[in-house]
Every structure is written in C-alpha cells, then in structure tokens.
Amino acid sequence: MAATWVSSLIFVVSLALIFSEKINRMLVALAGAVIMVAAGQILGFYTEEQAAATIDFNTIGLLMGMMILVALLEPTGFFQFLAVWVGRLSKGHPVRLLMLLGGVTTLVSMFLDNVTTVVLIAPVTILICEILGISAQPFLLSEALLSNTGGVATLVGDPPNILIASAADLSFNDFLLHSLPIVLVTWFVALWLLQRLFKDELKPVDLAANQEAIASLKPEEALRDRSTAIKVLIVIGMAILGFLLEELLHVRPAFVALTAAAAGLLWINPNLRETLNRVEWDILIFFAALFVMVGGMESAGVLQALSVLIDKAAILPPVLQGVALLWIVALFSAIVDNVPITIAMVPIIHGLSQMGVDTAHLWWALAFGAGFGGNGTMIGSTANVIVSSLSERTRDPITPLLWSRRGLPVMLVTCLTASLLYILFYYTIGF
C-alpha cells in the first residue's frame, strides 16, 4: 500500500511541476524519475534494471531519427520557402491564405515534428501578415490547431501516435487505414469552423493593395540551399516508403527512421556538431524520464488497480467505452500536455488486455482523444505554447481567453466529429 501511494504522489507532483511553466520540464521529469527509482529501491517495488526496461527505445529511436532529418532540412530554408510560396499563391486573400498556410503546416506536420514546423513557419506567417496589414492571430492559431489535428493521421505525425504505435504494435499502414480517413473529415470540419470563428478578421480590406504587396514576396530567396533540401526530401521520401513497407520488411519504425537519418548524414555530410545541436535532446530525455516514472507506478500496482476499476465500471458497450475514453483523454489533454496522459494510459490499456478485454478499438480512441484534445487550451500541446509565445511579437498577441474562445470550440467539434466517425468505423470496417 505504501508503494502505491508513494509512486502515485511522485508522479502527480512531478506532473504538476512540469506544467507550472516555472521549471524546465525535462529537469522535473528527470528528477521525478530518479526519485521514483530511489523510492522503489527503498520500498522494494522498483529496481534500476526494471526502470531501464520500461524505456521504450522504439519510440525514442523513431523520434531521434525524425529529429535528425528535420535538423538537416531546417537550415536549407525549405519551411520558409513553403510559407512564402503559399503566401504568393493566396494572392492576398485572407481566407485563401488561412487555408493554404494551415494546409501546408498540416501536411508537413503529418511527416515531421509539428513543433519544429510551427517554429519555422510562424515567423514567416507574421511577416506575410505585416506586409498585408492584417492581424496574424487567425493564421497562427489555425496553424497550431490544424497541425495538431492533422498530425493524428500518421504514425509519425504526433508524439502520442508514436507511443501508441509502439505499445500496440501498430504499423504506419494501420494509421493510414484507420486514422487518416477520420482525420481528413475532421480536419475539413475544423478548417470550416475556423473560417466561421474568424470571419470578421478574414474580411479583405483592400484586396488590390494586398495583391500588389504579396507579389513582392520572393520564394526563391527563402530557399538558401536548394541542393541540400532536395537531398533531405529524397531521404525523407525513402523513409516514408520504408514506413509503408515495414511489415513486408519485418523492421520497426525506429530502425527505418534511424537508417534514414544515418543515410542523410552520410550523403549531406554536414557539420555534425551543429546538426546534433538542433536535435531536441531535452524532449527525448523528457520522454525517457516519463517512461521510468510510469514504470514505477506500474510496478507498484497503481495502474493494475486502475485497470481493475475501469474493468468493473465497464457496463457500456465496447464502442461506447471507446467514445468515453476518447472524451476523457481529450479533456485531460486540454488541461495537461497529451504526452504524459498517453504514456500513463498505455499500461492501463495493456492491463485491460491481460484481463481478457478486447482493447484494439481503445488504442484508436486514445489516439483521437490525445490528438484533438490538445487543441482545447493554450497549454494543451507544445505547438500551442510556442505559437502563443511567437504571437507576442505582433500587435495582437494570442491570450488564454482568445484561445479558449477559438481553440475550445474546435476541440469540442473535432472530438464530436471523431466520435461519430469512430462509431461508424467500429460497425463497418472495424478497428
């Protein structure tokens, strides 16, 4: 009993400190992991060997491989080129600009880290809005919300998907079959809703002047290293092909990502120190530390007890259990970042599976809830926090109240849409 309470307390306190925004979340998670192992050794429920075994190196390897590819592509100016190119394509029309910027950001976020994507595209978005003399609020908010929504479509599009795929042994093709169709419909619903919510801000004041201003943008000037960009895009294309063929080749996604990263480094031969400096090592350490903490709770019996409670309370039909899980995870993901929620839910679903419960459909409910729920608040996902921070450079910063008025309706509508499609898929093609 002491082990249960102590491990739970360590996790809850660590989680509270992680999202207090006063302390670096990597340091908090690392300290929490160390304390969990120390408490486990003292109370006899957790050892160093067990802690090391809880770290999912398939997830860590996949994240690292994709981060290295992004680190190779980032200095070429490719992301800025895309943003400027769609700016010209919009011809100064605000609604068209929102659709194009949101679409490009989403498309890139489906295959690369969405945090890096918004970090690189958002400043160019601000510049384009300044040239047009319009507020950047609707565009920045939409980029974050649509990238979070679209990222649920693929295995590598969102960190929770990577965690779920590794835990449930789901392939890249599984996500294309089960997640992509639902996300496509949900994404268009989100885009339509954003246009309605921002209809006043998206009214063109002087379209002729906007067209003249947008014509001054030079996409080719943003692309600083065309040759390297082409090489990296070829390697990323090969990585995506590898993900598609992973079941045929009998390899894990981490192996594909790390192989692609190694190939990219050998072909491009960049300054290795500078490239590795751009890899987000703090996120990788953060993930590993969370795995250790959740592993400690599992060893102490906390998650097993939760699984038993959930199983006893499971009076609903299986499809409604999935819908309930989707909404519960979505609400928690809006309050707390979706990554720790996902890591905590994985062993609980595993526990249900060991008790004989069919959990295949629950993994998809977890993915949709974690992905769409992060849109609800400004702290729901890392991309939200970054976009809000970048908006402070503009004359109309994004506030928590504004995010609640725009992001929360998007979260609720996308979760409702996903729930209806989830039920439809459950009774047609199945999960």
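At a glance:
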read-out	value
Count - residues of the stretch 235-273 that are part of a helix (DSSP H, G or I) and without any contact (Cβ under 8 Å) to a residue 60 or more places away in the chain	12
Criterion: closer than 21 Å to V323 by Cα, touching a residue at least 60 places away in the same chain (Cβ under 8 Å) and not basic (K, R) - qualifying residue of P138, P160	P160
Considering residues of the stretch 22-81 that are closer than 29 Å to V302 by Cα and aromatic (F, W, Y) only, the residue surrounded by the fewest Cβ atoms within 10 Å (Cβ to Cβ)	F57
Helices (runs of 4 or more DSSP H) wholly inside the stretch 352-431 that include at least 2 residues being over 20 Å from T154 (Cα atoms)	382-390, 400-427
Looking only at the stretch 326-342, and only at residues there that are surrounded by fewer than 23 Cβ atoms within 10 Å (Cβ to Cβ) and farther than 19 Å from A144 by Cα, the one that is modelled with the lowest pLDDT	I328
The stretch 320-331 residues that are touching a residue at least 40 places away in the same chain (Cβ under 8 Å), paired with ones that are among the aromatic types (F, W, Y) (beta carbon under 6 Å, 6 or more apart)	L326/F368; A330/F372
Residue count, the stretch 88-110 (criterion: within 25 Å of the chain's Cα centre (by Cα), surrounded by 21 or more Cβ atoms within 10 Å (Cβ to Cβ) and not aliphatic (A, V, I, L, M))	4
Qualifying residue in the stretch 63-71 (condition: of a type in the set (V, I, T), farther than 28 Å from C415 by Cα and within 18 Å of the chain's Cα centre (by Cα))	yes
Conditions (1) modelled with pLDDT under 95; (2) closer than 23 Å to T106 by Cα: number failed by L420	(1)
Lone qualifier among S391, S404 - being without any contact (Cβ under 8 Å) to a residue 60 or more places away in the chain and of a type outside the set (A, V, I, L, M, F, W, C)	S404
Positions within the stretch 274-309 being outside any helix (DSSP H, G or I) and surrounded by 21 or more Cβ atoms within 10 Å (Cβ to Cβ), in sequence order	A300
Close pairs from the stretch 346-372: first more than 17 Å from L421 (Cβ to Cβ) and without any contact (Cβ under 8 Å) to a residue 12 or more places away in the chain, partner among the charged types (D, E, K, R) and buried (at least 23 other Cβ atoms within 10 Å of the Cβ), Cβ under 9 Å, at least 6 apart	none
Failed criterion for K312 (all others in (1) farther than 30 Å from I23 by Cα; (2) basic (K, R); (3) modelled with pLDDT of 85 or more hold)	(3)
Meets criteria (within 19 Å of F79 (Cβ to Cβ), among the polar types (S, T, N, Q) and out of contact with any Gly (no Cβ under 8 Å at 6 or more places or on another chain)) for T106	no
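Conditions (1) at pLDDT 95 or above; (2) surrounded by 15 or more Cβ atoms within 10 Å (Cβ to Cβ); (3) out of contact with any Lys or Arg (no Cβ under 6 Å at 6 or more places or on another chain), marked per residue:
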| position | (1), (2), (3) |
| --- | --- |
| W192 | yes, no, yes |
| A213 | no, yes, yes |
| L217 | no, yes, no |
| D225 | no, yes, yes |
| L241 | no, no, yes |
| E247 | no, no, yes |
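Okay, residues lined up against (1) in contact with a strand residue (DSSP E or B) (Cβ under 9 Å, 6 or more places away or on another chain); (2) under 17 Å from G374 (Cα atoms); (3) crowded, with 18+ Cβ neighbours inside 10 Å; (4) at pLDDT 90 or above:
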residue: V118; (1), (2), (3), (4): no, yes, yes, no
residue: V124; (1), (2), (3), (4): no, no, yes, no
residue: I128; (1), (2), (3), (4): no, no, yes, no
residue: Q137; (1), (2), (3), (4): no, no, yes, yes
residue: E143; (1), (2), (3), (4): no, yes, yes, yes
residue: L146; (1), (2), (3), (4): no, yes, yes, yes
residue: I164; (1), (2), (3), (4): no, yes, yes, yes
residue: F175; (1), (2), (3), (4): no, no, yes, yes
residue: W187; (1), (2), (3), (4): no, yes, yes, yes
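The values are calculated or read from the model by the stated rules, or taken from the named source; none is laboratory data. Given the structure is predicted, the values throughout are model-derived calculations rather than measurements. Note that we place each Cβ from the backbone using ideal geometry, even for glycine, and neighbour counts take in every protein chain shown.
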